[in-house]
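**Q** If you scroll down you'll find the structure; I have some questions about it.
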Ligand code: NAP
């Protein structure tokens, strides 16, 4: 499950640096890489790059969750202040390569990253895990956003398992006739003004058996999910298939234009190529 921290987040373009290397201890020809994170892939990429020499790698987290997962490289926390704030950061930190490894639904950050890379000429690439595809027995309704997901639930009271972020929950308040089971990494605070809701605070990964048991216990009839891809969040989708339960799936936003890969291996191959280009160009 993806994870970030909130306690250290401060507003403004330049926020907290955790364990960042002082510029004067960097080797002068060290390539500087910024990974926009908050995902398993970002963490794994950082872990792989941390073992390589001649690279100064930082992961950036938004600060959405209270306890971040540990990373193998220095982490900075908090927003940059839009695309221009990120562009300023890239210049100030002499970043050579920017990798957007944020969650597929973090499309504001992704668009800002693409714009900042265009403004600064910094090498830029998106690492995004492939989406899940439907298989035999899946009963998906694909919708554009959470408002459409609420509409898809209909007028008849249903028992709904919501597996979305805390920031995605507001539209469900307009449909108080359903029962909701809401699972999130941090507590939903304040709780939603809904008459029939149970909160589960838990961090994945969640397996199929575990999610099947949870859904069975609460007599769930429909799951609301994002098409996150990967294995850590797939348990509920597999469980819904086994139980013959409907899934209302939020459509993935379009990724920004530009180079994109789906695996950590391919991201490393891209980075090697990009940094060779930077070195040849003499930037
Ligand atoms: P978002 O809506 O695309 O971004 C909103 C703002 O949050 C951005 O404009 C940026 O602020 C800041 N931000 C987002 N990601 C950041 C990062 N990695 N480092 C620094 N600032 C960041 O983002 P979101 O959907 O809320 O996701 C926030 C974070 O949670 C991302 O890192 C993402 O990978 C992770 N996450 C998201 C989801 C999801 O379903 N959306 C699920 C799991 C994990 P400024 O404009 O001030 O720079």
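**Q** Tally the residues that are surrounded by 17 or more Cβ atoms within 10 Å (Cβ to Cβ), touching a residue at least 24 places away in the same chain (Cβ under 8 Å) and more than 16 Å from the ligand (Cβ to nearest atom), restricting the search to the stretch 180-213.
**A** Number of matching residues: 3.
**Q** When residue 81 is evaluated against the numbered criteria (1) near the ligand (Cβ under 10 Å from one of its atoms); (2) in contact with a strand residue (DSSP E or B) (Cβ under 8 Å, 6 or more places away or on another chain), which criterion, by number, is the only one it fails?
**A** (2)
**Q** Right, another one. So which residues in the stretch 92-142 are more than 15 Å from the ligand (Cβ to nearest atom) and over 26 Å from residue 60 (Cβ atoms), if there are any at all?
**A** Once the filter is applied, which keeps residues that are more than 15 Å from the ligand (Cβ to nearest atom) and over 26 Å from residue 60 (Cβ atoms), the stretch 92-142 yields 133, 134, 135, 136, 137, 138, 139, 140, 141, 142.
**Q** Same structure, new question: Kindly provide the set of residues from the stretch 183-226 that are closer than 23 Å to residue 242 by Cα and either part of a loop (DSSP other than H, G, I, E, B) or assigned by TED's automatic domain parsing to the domain that holds residue 65 (or both), ordered by number.
**A** Within the stretch 183-226, 202, 203, 204, 205, 206, 207, 218, 219, 220, 221 meet the criteria.
**Q** When you check residue 103 against the structure, is it under 30 Å from residue 33 (Cβ atoms) and either touching a strand residue (DSSP E or B) at 6+ places or on another chain (Cβ under 9 Å) or in contact (Cβ under 8 Å) with a residue 24 or more places away in the chain (or both), yes or no?
**A** For residue 103, the condition - under 30 Å from residue 33 (Cβ atoms) and either touching a strand residue (DSSP E or B) at 6+ places or on another chain (Cβ under 9 Å) or in contact (Cβ under 8 Å) with a residue 24 or more places away in the chain (or both) - is met.
**Q** Which residues, taken from the stretch 51-74, are under 15 Å from residue 41 (Cα atoms) and near the ligand (Cβ under 10 Å from one of its atoms)?
**A** Those that are under 15 Å from residue 41 (Cα atoms) and near the ligand (Cβ under 10 Å from one of its atoms): 59, 60, 61.
The values are calculated or read from the model by the stated rules, or taken from the named source; none is laboratory data. Since the structure is predicted, the reported quantities are computational estimates derived from the model, not experimental observations. Cβ sites come from the backbone with ideal geometry, for glycine too, and all protein chains shown count toward neighbours.
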